[in-house]
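Trainee: My questions all concern the structure below.
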Amino acid sequence: MSKAIIISNRLPIKIVTKKNKNTLHHSEGGLATGLESVFKKSNDNIWVGWPGMVVKDTDAQLDIENQLAEMHLKPIFLSKKQVDGFYLGFSNATLWPIFHYATNYARYNDADWKIYQEVNEKFAEVIIPLVEDGDTIWIHDYHLLLLPRLIKEKCKNVSIGFFQHIPFPSFEIFRLIPWRKQLLDGMLGADLLGFHTIDDVNHFIDSASRLLDTTINSNVIFYKGEISSVDAFPMGIDFEKFNSKLPKLQATQKDVANLKRQFGDTKIVLSIDRLDYSKGILPRIHAFEQFLQKHSEYKGKVTLFMIVVPSRDSIYRYKELKDEIDKVVGDINARFRTLDWRPIEYFYQSFPVEYLSALYQMSDICLVTPMRDGMNLVCKEYVASRNEEDGVLILSEMAGSSRELGDALIVNPNDIGQIEEAIVAAIKMSPKEQQIRMVKMRQIIEKFNIVHWVKIFMEKLREVKKLQTSFKTK
Ligand code: GDG
């Protein structure tokens, strides 16, 4: 029986160590949230990845490995040096900023690149012995761009899919990376390459055509005597989880009741992201500040509920951003607050998903204004949670999700005045208009859900394999 091997940098768990004992918990993040519901469906599948922390002790590694084996998860342990060079270094201080157009934040460090290669090879060494003829291998994201080629070289009768969860930049940006050709060559080891949007697809094809010796016919790339196909697969969410399952839970209902008590008639504007400069958190806060300055009539009546989930905070740029957010929020709250109202409720922590669900249900407005975002699942979860068909989504045109959610109030995240006006428009929007917009968005999120996403990716992968066979027999 052929199986699926899912590979991502992080396993969908995190390890918490207390009194020398490791316990495993679910981890946050778009990919983990997205694939979890699908992965659990089959017992044969294996998910390979880094457990998220350095475990030096071999007994502790074995203990973790055994616990994970029961969940069909296979850990790849990385040393501190590898985490620094591969994860914090090349993945998140070179690729992440470049792929999000933050060119000034990118560092090009040969030592990081070497470790990135080493870790991709380490993944290949663990995975190759697990592979059998007929298996489907699905590699995820920018940490593992070299892995498709490394697997293809050793495993012939398999299907290799690759999906990138973050944007693929235009050629003029991508070409800045000194190792651009090696990265493309690695990616093109996949039979099918998927991105969230058509723009990402076109950018990838453009770079492949300019940098490598390729022949391109529409979405099909001929390279090194092989065929790869490239396509857009906008990722969906588990609609029913947010629409009905979470709202029915007692824990969620308790949180809803508490939020009602806490906020009464005050309107809630919700903002949820990982700490990241790509998410546009600071400009968003400044837009809310401008809203407070220009609209004193809403004093005490509107609150920005802002969750920033800790992420990569050992990277200088992230630490710097965190300090700046703390400062600006403190300043705004000190200037605008009253005795019984704080304009910004700011949390630097993560919450249980039941609490997120309660917040999605209780928030009148969801403010999602990334500078760049491959897709953005928070806005989709908000829409799915609005089962009474009300509420307003304000969404950046730079988020991949804006291609599907045209009924949101679409804004340019650099235009603080436009965001401020959108907040006012959202507060004033009639229930009828809210409903018309929300119903259309909900139909899209319900139809193009996570199960649909996996299904069309897998169907396309099978199609590409057929195309390759017919090409070879010609
Ligand atoms: C990458 C791409 C793309 C957030 N706070 C908490 C929490 N979350 C969950 C949300 C959501 C996920 O994390 C965040 O997903 P996003 O899509 O918004 O962002 P990234 O983490 O940057 O994801 C992105 C995604 O991959 C998928 O392809 O959309 O563009 O950057 O699901 O609910 N979950 C819990 N507590 C929190 O406090 N439990």
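Trainee: Would you call residue 96 within 16 Å of the ligand (Cβ to nearest atom), touching a helix residue (DSSP H, G or I) at 6+ places or on another chain (Cβ under 8 Å) and at pLDDT 90 or above? I'd like the intermediate steps shown before the answer.
Mentor: Values: within 16 Å of the ligand (Cβ to nearest atom): yes; touching a helix residue (DSSP H, G or I) at 6+ places or on another chain (Cβ under 8 Å): yes; at pLDDT 90 or above: yes.
Here the answer is yes, as residue 96 does meet what is asked.
Trainee: Which one of these does residue 454 not meet: (1) under 20 Å from the mean Cα position of the chain (by Cα); (2) buried (at least 21 other Cβ atoms within 10 Å of the Cβ); (3) closer than 26 Å to residue 284 by Cα?
Mentor: (3)
Trainee: Exactly one condition in (1) modelled with pLDDT of 95 or more; (2) within 12 Å of the ligand (Cβ to nearest atom); (3) on the phi < 0 side of the Ramachandran plot; (4) not hydroxyl-bearing (Ser, Thr, Tyr) is not met by residue 461; state its number.
Mentor: Single failed check for residue 461: (2).
Trainee: Let me ask something additional. Can you tell me which of 36, 28 is part of a loop (DSSP other than H, G, I, E, B), under 25 Å from residue 272 (Cα atoms), modelled with pLDDT under 75 and out of contact with any Lys or Arg (no Cβ under 7 Å at 6 or more places or on another chain)?
Mentor: On the way: 36 fails: part of a loop (DSSP other than H, G, I, E, B).
Going through 36, 28 in turn, the sole match is 28.
Trainee: Turning to a different aspect of this structure: Going by what's in this entry, would residue 444 be described as within 26 Å of residue 237 (Cα to Cα) and in a strand (DSSP E or B)?
Mentor: The answer is no for residue 444.
Trainee: Out of 402, 430, which single residue is within 16 Å of residue 237 (Cα to Cα) and without any contact (Cβ under 8 Å) to a residue 24 or more places away in the chain?
Mentor: Details: 430 fails: within 16 Å of residue 237 (Cα to Cα).
Result: 402 is the single residue among 402, 430 that is within 16 Å of residue 237 (Cα to Cα) and without any contact (Cβ under 8 Å) to a residue 24 or more places away in the chain.
Trainee: Please determine whether any residue of the stretch 345-366 is modelled with pLDDT under 95 and either away from the ligand (no atom under 16 Å from the Cβ) or hydroxyl-bearing (Ser, Thr, Tyr) (or both).
Mentor: Checked the stretch 345-366: at least one residue is modelled with pLDDT under 95 and either away from the ligand (no atom under 16 Å from the Cβ) or hydroxyl-bearing (Ser, Thr, Tyr) (or both).
Trainee: Among 389, 397, which is over 26 Å from residue 169 (Cβ atoms), out of contact with any Asp or Glu (no Cβ under 8 Å at 6 or more places or on another chain), charged (D, E, K, R) and modelled with pLDDT of 95 or more? Give the steps one after another, and end with the answer.
Mentor: Details: 397 fails: over 26 Å from residue 169 (Cβ atoms).
Answer to the selection: 389.
The values are calculated or read from the model by the stated rules, or taken from the named source; none is laboratory data. These numbers were taken from a predicted model, which means no experiment stands behind them. When we count neighbours, we look across all protein chains shown, and the Cβ atoms used for this are built from the backbone with ideal geometry, even at glycine.
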